[in-house]
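Novice: Dropping the structure in here first, questions after.
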Amino acid sequence: MNALRQYIDLFNDNRKVIEAGSPAVLNAQRDAALAALHGARLPRKGSEDYEATDLEAVFAPDYGMNLTRIAFGGDATESFRCDVPNMSTCLYTCFNDVIVPGPNAMRNAGGMVVETFKEAATRHPEVLARYGSLAQFDDPTVALNTLLAQDGLLVYVPRGVVAERPLQLVNIFNTTQPLMAVRRVLVVLEDGASARMLVCDHTQSKDVNFLSSQVVEIIAGEDSTFDYYDLEESTPLTHRVSTIYARQARGSNVLIDGITLTNGFTRNNYRVTVDGEHAETTLLGMTVAGDEQHVDTHTLISHNAGLCRSNEMFKYVLGDKAVGAFAGKILIKEGCPRVEAYQGNRNLCASPQARMYTKPQLEIYTDDVKASHGTTIGQLDQEALYYMRTRGISEAEAQRLLMQAFMSDVIDGVRLDVLRDRLHYLVEKRFNGTLASCSSCAEACMVKG
Amino acid sequence: MKEEQNKKDAEKHIINQAASEEYKYGFVTDIETNVIPKGLNEDVVRQISALKNEPEWLLDMRLKAYAHWLTLKQPTWGHIDMPEIDFQDISYYAAPRKQAAEGNGEIDPELKRTFDKLGIPLEEQMRLSGMAVDAVMDSVSVHTTYREKLAELGVIFCSISEAVKDYPDLIKKYLGKVVPYTDNFYAALNTAVFSDGSFVYIPKGVRCPMELSTYFRINAAQTGQFERTLIVADDDSYVSYLEGCTAPMRDENQLHAAIVEIIVEDRAEVKYSTVQNWYPGDKDGKGGIYNLVTKRGLCRGDHSKLSWTQVETGSAITWKYPSCILKGDHSVGEFYSVALTRNYQQADTGTKMIHLGRNSSSTIVSKGISAGHSQNSYRGLVKIAPQATGCRNYTQCDSLLLSDTSGAHTFPVIEVDNDSSVVEHEATTSKINEDQIFYCNQRGISTEDAVGLIVNGYAKEVMAKLPMEFAVEAQKLLSVSLEGSIG
């Protein structure tokens, strides 16, 4: 069985329909993607970099696709308001795979341009032309995404523009039939530009299987700053395979933060290439998983220039039968002196059936660098628990406090004040229910919001 | 004109001498050697078995391994750049002729001189401290010292060929049980063609009174060495075992594919130390030994302990992962390693700690030092099985880079399948601290000596685990190996 087959067949049968609904730039990439998929297989569990994750099984079910571009719509505010209220954002909603601007989306956008690919094809073709310039087809899920993508969101921040108001994209699954959504984002920051973006993944239909294939490309110009926050609160039946590519020019500063609180299956790939000196990269990740949640993160930071800094920190709290995986690689190429690169992965296993796999890696080809990685898998500090018990704090409460403290440094890395406060609250809420009843927790949160 | 020529010749001589000084064990012993023709096929496997008068079951095992090997491909996952080895271009058995002819316990004086030169006296009275040595040249064990004295305590220490004859039950019971021939490509090859090595058996309750050691020497050209070591420590016993190795300087690469198997029973302890100094190739990366070794120990008993210590300075390519299967409850595994690579050496080494028993613990300390154009990788696995509750692992792997053309890499894999175990992993990579060098310079210590000092200090944690005589040797070895590698 090759799960890719059904998608390739689907594409071959419906190529005209797919291409008719897409801008020419997207169509131009399809042949290369198809060629890359020829003879390719999705990784099975146990293969290199997929120690705990079976992508073949994720793509195997027969998902429907919105090939004819049905204009989905719905109430976005229901999901998202509860997560980060009181935040004034330029709001876009992606219903399944159809992007709709919210009311007053672009008010006070301050020169930042946000368009669907379709709009951009006529208004900013020269920017959209950079679509696909970072995506690599050696990963079959990226090739598949490129093969089937019909639309996406372009974020374009022209030279020197500082967008004060964050951009928010809310991805929502809401259909009665199993669906695969192909989502695509292209971010282009010109020199000296600055922007922040929050992406929230939600699923409103609780009993339906979903698969989200996401590819994000971030091109950061010289001295630009970009924050990308990715918050996932979906359902146990939602599967997500996401790859974020970033290329950083001299002096740029990029932060990518992936937060998973509830989900079914998630594989997050981060591929950062640092091409210019004095660039700074921060990758943060936080996962709270219970039930049978599966969260797998894979990062690669390639330093192609000297005098750069990168910092990674990923934290997992796993309960019930949750499976967590982290594999990260820092690559420092020859002739890139004075790079400082740090990577951390800290994990708490809170139940006997929880599983954690971790593989931090360093590949260094130059001598004048400082690089380190650290990994721990363990439990809460018994002495700290005891200390709190002796002061009359219940065991459950003490555990909650310690877990929250454990997560706090990742949350504190968030550079968006409202979101940071909200995350403290959301994580607290998440821990308040037992790890198992995560879905009801999210529900309670929604009702209150 | 002539004078100028003479001067040039003299200069050349000095340069040659300086270059060859780097590896002082690079000489060849001129002794007659029985070498079977190059190539590998079923007949060669049968011939090796026949030469050693082996019983039928061992030949069967060899043939099975050979058949299995034919189905395998040379692994390519290591972070090493290795040309495909032509396995038909190697001779699989070479034995010093006189030893083979006499076989009466008398050592050929030439062999004795060779081992004297290597600092391994084969005469017992010459040893100051008690250390029993099994000396292996090419494919055969030439002499084992202190055998009788050890036998009084019931300790068996002999070559594996003799053990097959004298202790068939023990060999049959343990050989291939920790590293089966199906394990990997080189394990299959070794099982098919292994020639000699050491066998150690420590009976119940015996604390081995002296260090046991095997010294491996490759002498003959165009041969491979495929030795096999088996150590069994019965309940409540203890043994410290050392392994050393050298080879002549040659332009072609030679293959060394060994298997070491260790079984540790209840409350027993085995300490296995290696100072690996195979010929590393010249400064342009020409020649050198391919050291492709499978080493694994099974801590079968409760409260058993296995400790691996290795100092790796030789070999053009090193590919070895001394591992512990911690099956017994409260069993302990340790791995201490210093790997120094320079010129064009490549090392991909590390360990596997597989925790199956409850409350088992393991410690990994790996120190990599890369100079010149070398590549040095740590690759490891820590796996904690669901039933192995209360386990503990601490891993530290540091890399020191001495040149901007060398590479240092770490590839650790950690899998934890329960919630009561604690695993920690730390790794750092950095270059040598300039402040420290400056401090030494200020006090009249040359940069080269300062680097030697700093590197020795950096590796001290591992050196401290070596038996004392070895530690002194290893420290010297590190300093010598570093000579001329500071750019």
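The values are calculated or read from the model by the stated rules, or taken from the named source; none is laboratory data. None of the values given here were measured: they were computed from a predicted structure. Methodologically, a virtual Cβ is constructed for each residue, glycine included, from the backbone with ideal geometry; neighbour enumeration extends over all protein chains shown.
Novice: Hey, does region B:201-208 have a residue that's closer than 15 Å to B:Leu292 by Cα and buried (at least 23 other Cβ atoms within 10 Å of the Cβ)?
Specialist: Going residue by residue through region B:201-208, those that are closer than 15 Å to B:Leu292 by Cα are none.
Scanning region B:201-208 turns up no residue that is closer than 15 Å to B:Leu292 by Cα and buried (at least 23 other Cβ atoms within 10 Å of the Cβ).
Per-residue answers, yes or no, for (1) modelled with pLDDT of 90 or more; (2) within 13 Å of chain B (Cβ to nearest Cβ):
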residue	(1), (2)
A:Thr287	yes, no
A:Leu331	yes, yes
A:Gln353	no, yes
A:Val369	no, yes
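Novice: If you don't mind, another one. Does A:Leu283 meet the test of being out of contact with any Phe, Trp or Tyr (no Cβ under 7 Å at 6 or more places or on another chain) and under 17 Å from A:Gly413 (Cβ atoms)?
Specialist: Numbers: out of contact with any Phe, Trp or Tyr (no Cβ under 7 Å at 6 or more places or on another chain): no; under 17 Å from A:Gly413 (Cβ atoms): yes.
No, not satisfied.
Novice: Go over the candidates A:Val288, A:Val274, A:Val254, A:Val323 one by one and state the one that is closer than 29 Å to A:Phe431 by Cα, surrounded by 24 or more Cβ atoms within 10 Å (Cβ to Cβ) and of a type in the set (A, V, I, L, M, F, W, C). Walk me through it before giving the result.
Specialist: Working: A:Val274 fails: closer than 29 Å to A:Phe431 by Cα; A:Val254 fails: closer than 29 Å to A:Phe431 by Cα; A:Val323 fails: surrounded by 24 or more Cβ atoms within 10 Å (Cβ to Cβ).
Step by step, each of A:Val288, A:Val274, A:Val254, A:Val323 is checked, and only A:Val288 is closer than 29 Å to A:Phe431 by Cα, surrounded by 24 or more Cβ atoms within 10 Å (Cβ to Cβ) and of a type in the set (A, V, I, L, M, F, W, C).
Novice: Moving on to the next point. Could you please find all residues in region B:159-175 being within 19 Å of the chain's Cα centre (by Cα) and surrounded by fewer than 21 Cβ atoms within 10 Å (Cβ to Cβ)?
Specialist: None; the set is empty.
Novice: Quick test for you: out of A:Gly413, A:Gly392, A:Gly433, pick the one residue that is at pLDDT 90 or above and away from chain B (no Cβ under 11 Å).
Specialist: On the way: A:Gly413 fails: at pLDDT 90 or above; A:Gly433 fails: at pLDDT 90 or above.
So the residue among A:Gly413, A:Gly392, A:Gly433 that is at pLDDT 90 or above and away from chain B (no Cβ under 11 Å) is A:Gly392.
Novice: Within the bounds of region A:13-25, is there any residue that is in contact with a Gly (Cβ under 9 Å, 6 or more places away or on another chain) and surrounded by fewer than 18 Cβ atoms within 10 Å (Cβ to Cβ)?
Specialist: Narrowing region A:13-25 to residues in contact with a Gly (Cβ under 9 Å, 6 or more places away or on another chain): A:25.
Next, from what is left, pick out any that are surrounded by fewer than 18 Cβ atoms within 10 Å (Cβ to Cβ): A:25.
Yes.
Okay, residues lined up against (1) in a strand (DSSP E or B); (2) among the polar types (S, T, N, Q); (3) touching a Ser or Thr at 6+ places or on another chain (Cβ under 7 Å); (4) touching a residue at least 60 places away in the same chain (Cβ under 8 Å):
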| position | (1), (2), (3), (4) |
| --- | --- |
| A:Val170 | yes, no, yes, yes |
| A:Asp191 | no, no, yes, no |
| A:His202 | yes, no, yes, yes |
| A:Ser205 | no, yes, yes, no |
| A:Tyr228 | yes, no, no, no |
| A:Arg247 | yes, no, yes, yes |
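Novice: If you don't mind, another one. Can you find a residue that is modelled with pLDDT of 85 or more and part of a strand (DSSP E or B) anywhere in region B:175-197?
Specialist: no
Novice: For B:Thr405, are the conditions met, namely being within 28 Å of A:Val339 (Cβ to Cβ), in a strand (DSSP E or B) and either at the interface with chain A (Cβ under 10 Å from one of its Cβ atoms) or without any contact (Cβ under 8 Å) to a residue 60 or more places away in the chain (or both)? Lay out the reasoning, then the answer.
Specialist: On the way: within 28 Å of A:Val339 (Cβ to Cβ): yes; in a strand (DSSP E or B): no; either at the interface with chain A (Cβ under 10 Å from one of its Cβ atoms) or without any contact (Cβ under 8 Å) to a residue 60 or more places away in the chain (or both): yes.
No: the conditions fail for B:Thr405.
Novice: Which of the residues spanning region B:216-234 are buried (at least 23 other Cβ atoms within 10 Å of the Cβ) and over 13 Å from B:His256 (Cα atoms)?
Specialist: Listed by number, the residues that qualify are B:Thr229, B:Leu230, B:Ile231, B:Val232, B:Ala233.
Novice: Same structure, new question: Search region A:58-80 for residues being more than 25 Å from A:Gln168 (Cα to Cα) and in contact with a strand residue (DSSP E or B) (Cβ under 9 Å, 6 or more places away or on another chain), and hand back the single one that is modelled with the lowest pLDDT. Full working, then the answer.
Specialist: Step one: list which residues in region A:58-80 are more than 25 Å from A:Gln168 (Cα to Cα), which gives A:58-64, A:67-68.
Narrowing further to those that are in contact with a strand residue (DSSP E or B) (Cβ under 9 Å, 6 or more places away or on another chain): A:58-59, A:61, A:63-64.
On the way: A:Val58: 92, A:Phe59: 92, A:Pro61: 90, A:Tyr63: 89, A:Gly64: 85.
Checking each candidate, the answer is A:Gly64.
Novice: Are any residues in region A:210-248 among the polar types (S, T, N, Q) and buried (at least 21 other Cβ atoms within 10 Å of the Cβ), and if so, which ones? Show your work before the answer.
Specialist: Step one: list which residues in region A:210-248 are among the polar types (S, T, N, Q), which gives A:212-214, A:224-225, A:234-235, A:238, A:242-243, A:248.
Hits for region A:210-248 are A:Ser212, A:Ser213, A:Gln214, A:Ser224, A:Ser234, A:Thr235, A:Thr238, A:Ser242, A:Thr243, A:Gln248.
Novice: Just to be sure, is B:Ser430 at the interface with chain A (Cβ under 7 Å from one of its Cβ atoms), out of contact with any Gly (no Cβ under 9 Å at 6 or more places or on another chain) and closer than 20 Å to B:Leu453 by Cα?
Specialist: Details: at the interface with chain A (Cβ under 7 Å from one of its Cβ atoms): yes; out of contact with any Gly (no Cβ under 9 Å at 6 or more places or on another chain): yes; closer than 20 Å to B:Leu453 by Cα: yes.
Judged against the criteria, B:Ser430 is a match.
Novice: While we're here: Could you list, in sequence order, all residues of region B:374-387 that are out of contact with any Lys or Arg (no Cβ under 6 Å at 6 or more places or on another chain) and of a type outside the set (Ser, Thr, Tyr)?
Specialist: B:Gln375, B:Asn376, B:Arg379, B:Gly380, B:Val382, B:Lys383, B:Ile384, B:Ala385, B:Pro386, B:Gln387
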